[in-house]
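Okay, so here's the structure we're looking at.
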Amino acid sequence: MQWTIFPYGVFSMRSIVLPVMLFGFIASAAAADNDMPDKLTFPAKTGNVVFSHKMHVDGGIKCKTCHDRKGGKIKGLGREWAHKVCRGCHEAILLGPDKCNGCHGS
């Protein structure tokens with residue numbers, strides 16, 4: 001184990017590196033949340049779907065509800081996925097649009 005001498009004592013590299021890495025991880029996760037788009041528009045034949053990411057996050061929906069990772073693109077996102085997951089969730093919680101014109105607009 002490598003030891004480093006600082007003005008206030010002797011510390012192992014592990015005791016320094018691990019907290020710094022942990023802080024970096026937490027800071028990057030917080031930054032990722034701040035970088036989320038407010039609204040996303042998905043083109044569709046029956047009218048574009050405008051999705052408020054902020055409203056869902058502020059409403060307490062967890063990232064893993066839609067994302068297979070913390071954030072980023074949604075694996076398999078498309079018409080079938082959205083109709084199953086989005087509409088299914090809205091019907092289950094009795095909140096939000098669950099009819100065609102509720103999501104699809106011009």
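Every read-out reported here was derived from the displayed coordinates using simple, explicitly stated rules and does not represent laboratory data. It should be emphasised that the depicted structure is a prediction, and the values quoted were computed from it without experimental measurement. Please note: Cβ atoms are built from the backbone with ideal geometry, for glycine as well, and neighbour counts cover all protein chains shown.
Quick notes on this one:
- Hz values of 3J(HN,Hα) by residue in segment 77-85 - Karplus curve (6.51, -1.76, 1.60), Gly and Pro given as x: 4, x, 4, 4, 4, 5, 5, 6, 7
- Scalar couplings 3J(HN,Hα) for segment 49-57, obtained by applying the Karplus form with A = 6.51, B = -1.76, C = 1.60 to θ = phi - 60°, are 9, 9, 10, 8, 4, 4, 4, 5, 5 Hz; x denotes Gly and Pro.
- Segment 37-105: C-alpha gyration tensor shape, a/c 1.5 cut-off, then a/b vs b/c: rounded
- Sorting 60-66, 83-89 by their mean Cβ neighbour count within 10 Å, with the most densely packed peptide first, gives 83-89, 60-66.
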